[in-house]
Amino acid sequence: MEKLTGKSILKGIAIGKILFYQKDEQAVKRVKTEDTKAEIERYVNARKEAVLQLNELYKKAVKEVGEMNAAVFEVHAMMVEDGDYVDSIVNIIETQQVNAEYAVAVTGDNFSKMFAEMDDDYFKARAADVKDISERIINILSGNKNSGNNLKEPVIIVADDLAPSETVQMDKEKLLAFVTEHGSSNSHTAILARTMNIPALTGISISKEWDGKIAVLDGYTGTLYIDAGKDTIDKFKKRQDEDIKSRELLQNLKGKEDITLDGRKIKLYANIGSVKDVANVLANDAAGIGLFRSEFLYLETNDYPDEESQFTAYKTVAENMAGKKVIVRTLDIGADKQADYFNLDHEDNPAMGYRAIRICLERTDIFKTQLRALLRASAFGNISIMFPMIISVNEVKRIKEIVKSVKAELSQEGIPYGDTELGIMIETPAAVMISDLLAQEVDFFSIGTNDLTQYTLAIDRQNMKLDNIYDSHHPAVLRMIQMTVENGHKHGCWVGICGELGADTELTEDFVRMGIDELSVSPSFVLPIRKIIRNIKME
Ligand code: PEP
Ligand code: MG
């Protein structure tokens, strides 16, 4: 048995088989062959399998995220069988006498370049689709079972690193845990693990040899046991049972108020990244959703999600929450959250670059589509809209102008929308320092402590080497929180925390004393924090 130690992302135990996950974009080798007939047959079979997989994915996605969002898989299934695409692959196999993988890779590259160079935005976006379907066929041909959205059995994923876009597409039912060599515990991949309640470790030196071996992951100590023996497995199975029992004990807090012993009520909400996470929010009895990271909708697709698909997603969340508050944060793409079709330039310093509201205020077409979808969905529940990465009053004024124009458009079209509170994320030191001015423009503040820590301490949250000095308890960060609360309250703004620090049980009492009105945390943290709140006595 091998024992390794890394950094824990979520406390919890996982026991299961390892799946070594390789990035799809591995180089495809060109192999000469005389038997082109056999290669064509391999390709035809792989193509059939790809269509079957896509049809299955479509059915599953319809159930989970609705027809509109699922449509991408239907489009992919059609593209796989597109005449020009198929002819090009067969032609390369025959004329160059090469293996099917290579022919698919070359065709995929050629078609994707062709689409990317087109003027029309719709066709431009097809470039990512062609890449995607080609990777799928190559994976089938090479027997690579590693695409995370197609897991066959429950597994512990081991990978060099995982991008948020890869993590969000993994089949959560079959993902027991994941282990990465790289990636910081403050990255969005780590946040996703916590939102999905999946134990995870980072900073472990991984090996391809582990594929298929049985492992035990101990998220309490950050330990990974490879080829775990019966004794180790039994010991951790017991620990898993204890976890289940202590979670069961918390169940009696369901339905109880989030109120201190002396009667101060706190709004205890949950963070989500997808429509599917709502089940977890309800299961953990959160009083609302304090942060719906809407950019994950954009990371699950190969093209800009249109108004209808976004409307369906927001409406589904609002309806499922049945009148409870749902705060949707507008697109916060950029930095570690990248979608190919945005074609964002490479930047040396993306965390401080062209991202989030900066993109939305320039690409108002994308922004208005999202706002239309959100406002339309607000007629079906209690939706609030929140804007990320704010640094100036001017930005907020421009946002409000755009919201106003979208509302006017909807009214003119006779489309109803509800009463939405507008809020901003306080996640830059600039926003904290002018929070008195910003508070006069909006209904609420939500403090994004992940970025606020990064920018206040000048520590890249993605840099694993700096994990140990990325200190959200730093007095500078805590004073920023206090200042934001005071300025917000002075001007009638309620103030919450939706960054990971909001779930830090060591600080719950301090936050309540500071006057925080809301805490929004990963769903599995709701009940433990309710327990603390209900035991706080202010005097
Ligand atoms: C934050 O910065 O604290 C936050 C909640 O936003 P994100 O983690 O998505 O950047
Ligand atoms: Mg942030």
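Bear in mind that the values in this text are calculations on the coordinates, not laboratory data. Only a predicted model underlies this, so the values are computations on that prediction, with no experimental measurement involved. Note that each Cβ is placed from the backbone with ideal geometry, even for glycine, and that neighbours are counted across all protein chains shown.
Using a Förster distance of 45 Å, how high is the FRET efficiency between Lys254 and Val44, based on the Cβ-Cβ distance and rounded to 0.05?
Working: r = 54 Å, r/R0 = 1.20.
In this case the efficiency is close to 0.25.
Tally Lys and Arg at +1 and Asp and Glu at -1 over the other residues with C-beta under 11 Å from the C-beta of Asn320: what net charge comes out?
Net charge around Asn320: +1.
Gain in length, Lys174 to Leu361, computed as 0.36 nm per residue apart minus the alpha-carbon separation, to one decimal in nm?
Details: separation 187, 0.36 × 187 = 67.32 nm, distance 3.88 nm.
Here the answer is 63.4 nm.
Extending each Cα 7 Å along its Cβ direction at Glu94 and Lys23, get the distance between those two points in nm, one decimal.
Each label point is offset 7 Å from its Cα along the Cβ direction, giving 3.6 nm.
Mean residue ellipticity at 222 nm from the helices of the chain, using -39,500 (n - 2.57) per DSSP H segment of n ≥ 4 over the full residue count, to the nearest 500 deg cm²/dmol? Walk me through the intermediate numbers first.
Details: 19 runs with 246 residues, N = 539.
Result for the chain: -14500 deg cm²/dmol, rounded to the nearest 500.
For segment 40-62 and segment 296-321, write down the distance between their C-alpha centroids in whole Å.
Distance between centres, Cα-based: 25 Å.
When the chain is fully extended, how far beyond the present Cα-Cα distance does Arg534 get from Ala283, taking 0.36 nm per residue of separation? Could you put the intermediate results ahead of the total?
On the way: separation 251, 0.36 × 251 = 90.36 nm, distance 1.94 nm.
Taking 0.36 nm per residue and subtracting the Cα distance, the gain is 88.4 nm.
Return, for the Cα atoms of segment 428-482, the radius of gyration and Dmax in Å, separated by a comma.
12.3, 40
Let me confirm the definition first: pairs of Lys residues in segment 25-141, 8 or more apart or on different chains, C-alpha distance under 28 Å. How many are there?
Pairs that pass both the separation and distance tests number 23.
For the chain, find the longest principal axis of its Cα atoms and tell me its angle to the long axis of helix 83-96, 0 to 90°, nearest 10.
Its long axis makes an angle of about 50 degrees.
At Lys124 and Glu421, where each label point lies 7 Å from the Cα along Cα→Cβ, what is the point-to-point distance in nanometres?
Once both label points are built, they end up 3.8 nm from each other.
Work out, in µm²/s and without decimals, the Stokes-Einstein translational diffusion coefficient of the chain at 25 °C, 0.890 mPa s, Rh from Kirkwood over C-alpha pairs. List each step's numbers first, then the result.
Details: Rh = 24.7 Å.
The Stokes-Einstein estimate is 99 µm²/s.
Averaged over every viewing direction, what's the projected area of the C-alpha convex hull for segment 25-141? Give it in nm², one decimal, please. Write down the numbers at each step before the final one.
Values: hull surface 29.4 nm².
That works out to 7.4 nm², a quarter of the Cα hull's surface.
If I take R0 = 30 Å and measure r between the Cβ atoms of Lys407 and Asn468 in this structure, what FRET efficiency does the formula 1/(1 + (r/R0)^6) give, to the nearest 0.05? Don't skip to the answer; put the middle values down first.
Details: r = 47 Å, r/R0 = 1.57.
The calculated FRET efficiency here is 0.05.
Order the peptides 11-17, 132-138 from the highest to the lowest mean number of other Cβ atoms within 10 Å of their residues.
On the way: 11-17: 19.3, 132-138: 23.6.
Result, highest mean Cβ count within 10 Å first: 132-138, 11-17.
Highest mean first, what order results for 278-287, 178-187, 337-346 on Cβ atoms within 10 Å? Write down the numbers at each step before the final one.
Numbers: 278-287: 20.4, 178-187: 24.0, 337-346: 15.7.
Going by the mean number of other Cβ atoms within 10 Å, highest first, we get 178-187, 278-287, 337-346.
Apply 1/(1 + (r/R0)^6) to the Cβ-Cβ distance of Met1 and Asn55, taking R0 = 35 Å, and write down the FRET efficiency to the nearest 0.05.
Working: r = 42 Å, r/R0 = 1.19.
Efficiency at R0 = 35 Å is approximately 0.25.
Between Lys400 and Asp231, what length in nm is gained on full extension when 0.36 nm per residue of separation is reduced by their alpha carbon distance?
Working: separation 169, 0.36 × 169 = 60.84 nm, distance 6.10 nm.
Gain on extension, Lys400 to Asp231, equals 54.7 nm.
Note down the net charge around Asp336, summing +1 for each Lys or Arg and -1 for each Asp or Glu among other residues with Cβ under 13 Å from its Cβ.
Working: positive: Arg293, Lys337, Arg355, Arg461; negative: Asp161, Glu166, Glu295, Asp332, Glu347, Asp451, Asp460.
Local net charge: -3.
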